[in-house]
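Here is the structure we will look at, set down as structure tokens.
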Amino acid sequence: MNKPTARLALYLLSPLLFFVLSTGYIIYSLTMNNHRAMAEATSRRHVEKAQQQIASKLDNALKDLTFFSFVHESYEVFTKDINADLKETFMTLCYNRQNYDQIGYINKQGQEIFRINDNNGFPRIVFKEDLQFKGGRSFFTNSIGLKLNELYISPMELNTEGGIIEKPHKPILRLASPVTDPDGITVGIFLIDFLSKPLLDALNDVSEGTKDVIMLLNSDGYWLKGPSPDQEWGFVLDKKNGPSFAKSHAREWDVISKSDHGHFSTDGGLFTFATVDLTQSISKSTKLWGTHTAPLWKIVSWTPPEVLQLLSRRLLKKIVSYSGAILFMATLFVITLAAQRARRASAEALVVKQIESNARFVPREFLGLLDKGELTEIHISDNVQRSMTILFTDIRSYTTISESMDPQILLSFLNSYYGILDPIISRNNGFIDAFIGDAVMALFPGGAKKAILAAIDIRIALRDFHHQSGHDTQTGLNTGFGLHCGEVTLGAVGTNKRMQTTAIGDAVNLAARIEALTKLFGVSLIISSEVCQELPSPSGFKIRSIDLVRVKGKQEVVELFEVFDADPPKILQGKSESLDLFNEAMRLYREGNFQRAIEKLTLCQKICPEDTIPAIYITRCSTMQRLPPGDTWTGISTM
């Protein structure tokens, strides 16, 4: 492979390599973001389902608690022996619910007066002599002060027997409600010891089939249900050094403990959480809207970092495999393509040079107006009609200048002059159609404003024109510009062997004649009324009407305007100050009031002695006073 081919192959492969790597990165990022979004959505569903499971598991217990605290038989338990029907009801309830460890009544002194034990699914009424004093237990002291319509749920804890934690561990929630006499005075509490293991086990089903871990935390950040059993119940089993989520995930717990719900990501994984407020569960299940007492839990769905890391590794492996195959095939293709393109390069270079050479003789803009791509597509019969602005300009005293120069120096001088015009015309969306000696014809398909701006810019640029030839220096050039808008015909003229492109039409001829009038009036830039009408805002230029003319052989009248923005500052100021006087003088002249017109024009001369037009019209007015034009006077000149 030669060096040009190698460079071309490298040139083609570099963006391809960048594209493949960028695409791989984008696919990786989007896919991982999608996985994270799906993981977040899944985690949110897990948290919602866990909340529903907790509420569902507690629903019957809360309803039972409310019912038996309100029935009149409950009050009678405190005043006389419990009747056989109520005992049977409690036995049946305990047997059917299967998650009530104990059901009973405690008087306001803290003494049990009735209790049924679940007894491993075979409920049994406790003998009176075996009933215990519970007055010192926290669940009693926190619930005995309840008022009517208020319920209490204890923190979840492990059940103890004789001060020793029962094994296997038995998580318990104690649900209590007040029992009142007919006068509403509390006589004791109705208590259900709720076996919480089914509730905790139900949380395992929430994330079944996924890698998420569902955790239940108490208000201090200890696991009630954790990733593994040995992490649970740290606040009971080892109060000082027991494991807790708050200790092992301090940063995450800081976020979770301060918000009701949310989702976030850390180095420790993805965490989605929500607060379980059991007082709301009480209100929804019992329709009691009192001031309830219940713990706050946090349900947390945790996606371990290893899960996402495994997904990331698998995805990267797949992307690298596909990208490598693509790059290998692309390399073979690019090397083949580079060799072919290298063979075509020299031929294409010749074609490009030919096209560039042609473009110097026929503007691309001209080809575009003819709807042609290349010069070779033009035929002698091709022509189109377009409305556009035509600009004519030539150099003042060109004959004098040219006679003082050798032909070679003259060509250099003209090329320097054209070198100023061409970029300004192009910058204003125009193009040069023809060089006619010192004269230039330019076309502006984009509008009259651009054509005027081009003329003003050229006029200003030529003030600093400097051409050095031997010992001779030409500094500054005085030029005239004529602009007209109208329909022109663009096409080719000549023969099939020798042709050139051009623009013809009355509009072109009139633009040339207007340019010639700049010498007569001694001004640099004259535009027709058609150009003026094409301007979106004529007030954006310094413009004044200087004549009404009729072209020989034509009927229509053309109003001519001078644009004097490019005049030297002193003349520009003088013409601006006398503009209202000048316009009034022109109106009087066209009305045939020649004496008044002379008076106004004389004042204009005093304001701006360098202004050439007042003197011209004073001469015209004086002539009309000597040879009155009669009633047919219209103020129109013939051009």
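The values are calculated or read from the model by the stated rules, or taken from the named source; none is laboratory data. Predicted, not measured: the structure shown is a model, and the values here were computed from it. Note that we place each Cβ from the backbone using ideal geometry, even for glycine, and neighbour counts take in every protein chain shown. Surface accessibility is based on the protein's heavy atoms, side chains included, excluding ligands, DNA and RNA. Shrake-Rupley method; radii C 1.70, N 1.55, O 1.52, S 1.80 Å.
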To the nearest 0.05, what FRET efficiency results for Gln109 and Ser219 with a Förster distance of 41 Å applied to their C-beta separation? 0.85
Any aspartates and glutamates whose Cα falls less than 20 Å from that of Lys80, other than same-chain ones fewer than 8 residues away, would be Glu88, Glu112, Glu129, Asp130, Asp181, Asp183
Give the lysines whose C-alpha is closer than 20 Å to that of Lys449, dropping any in the same chain fewer than 8 places away, or say none. Lys542
Work the Kirkwood hydrodynamic radius out for the range 117-276: mean of 1/r over every pair of different alpha-carbon atoms, inverted, in Å. 18.4
So how do 44-56, 74-86, 516-528 stack up, highest first, on mean other-Cβ count within 10 Å? 516-528, 44-56, 74-86
With N set to the number of residues, divide the alpha-carbon radius of gyration of the range 40-81 by 2.2 N^0.38 Å and report two decimals. 1.97
Leaving out ligands and nucleic acids, note down the accessible area per residue over the range 285-329 with a 1.4 angstrom probe, in whole Å². 61
Can you work out D for the chain in µm² s⁻¹ from Stokes-Einstein, where Rh is the Kirkwood radius over C-alpha pairs, the temperature is 25 °C and the viscosity is 0.890 mPa s? 69
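Calculate, for the range 160-270, the solvent-accessible area per residue in square angstrom, rolling a 1.4 angstrom probe over the heavy atoms of the protein chains. Can you show the working numbers first?
Numbers: 5390 Å² over 111 residues.
For the range 160-270, the per-residue accessible area is 49 Å².
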At 0.36 nm per residue, and after removing the present C-alpha to C-alpha distance, how many nm does the segment from Trp633 to Val255 gain when stretched out fully? 126.5 nm
If you stretched the chain out fully between Ser22 and Leu315, how much longer would it get, using 0.36 nm times the residue separation minus the C-alpha to C-alpha distance? 104.0 nm
In square angstrom, what is the accessible area per residue of the range 406-544 with a 1.4 angstrom probe? 46
Given all pairs of distinct Cα atoms, the range 254-303 yields a Kirkwood Rh in Å of 12.3
Probe 1.4 Å, all protein chains present, accessible-area order of Arg550, Arg620, Arg7, largest first: Arg7, Arg550, Arg620
Förster-model FRET efficiency, 45 Å R0, Arg596 and Asp382, C-beta, rounded to 0.05: 0.20
I need to check one value: relative contact order of the range 87-185, counting alpha carbon pairs closer than 8 Å and at least 6 residues apart, in percent. 18
Of the accessible area of the range 148-258, computed with a 1.4 Å probe and all protein chains kept, carbon and sulfur make up a percent value of 51
If the cut-off is 18 Å between C-alpha atoms, which aspartates and glutamates fall inside it for Lys575, apart from same-chain ones fewer than 8 positions away? Asp547, Glu562, Asp565, Asp567, Glu584, Glu599, Glu610, Asp611
Can you pull the percent of the range 582-627's accessible area that's carbon plus sulfur, 1.4 Å probe, other chains left in place? 55
Restricting to the range 480-639, compute how many DSSP beta bridges are antiparallel as a %, nearest 5. 75
How much of the DSSP beta bridge set in the chain is antiparallel, as a percent to the nearest 5? 95
Ignoring ligands and nucleic acids, what accessible area does Ile424 show with a 1.4 Å probe (Å², nearest 10)? 10
Restricting attention to the range 504-561, which GluC sites (Glu not before Pro) occupy a DSSP loop and are surrounded by at most 13 other Cβ atoms within 10 Å? Glu556
I'd like the carbon and sulfur percentage of the solvent accessible area for the range 1-139, probe radius 1.4 Å, heavy atoms only, ligands and nucleic acids excluded. 56
Met91 - accessible surface, heavy atoms, 1.4 Å probe, Å² rounded to 10: 50
Relative to the longest principal axis of the C-alpha atoms of the chain, give the angle of the C-alpha long axis of helix 3-70, reported between 0 and 90° and rounded to the nearest 10°. 40
Size of charge dipole - the chain - debye, nearest 20, with Cβ of Lys, Arg +1 and Asp, Glu -1, no other charges: 1260
Radius 14 Å from Cβ of Glu530, net charge of other residues (Lys, Arg +1; Asp, Glu -1): -2
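Let's test the formula: R0 of 35 Å, r as the Cβ-Cβ distance of Thr210 and Asp238. What FRET efficiency results, to the nearest 0.05?
With a Förster radius of 35 Å, E is 0.65.
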What is the spin-label model distance, in nm, from Ser228 to Phe264 if the labels are put 7 Å beyond Cα along the C-beta direction? 2.7
Compute the helix-to-body angle for 305-361: its Cα long axis versus the longest principal axis of the chain, expressed 0 to 90° and rounded to tens. 10
Which distance in Å, rounded to a whole number, links the C-alpha centroids of the range 6-71 and the range 588-639? 89
Kindly state, as a whole number, the per residue volume in cubic angstrom of the convex hull around the alpha carbon atoms of the range 42-117. 111
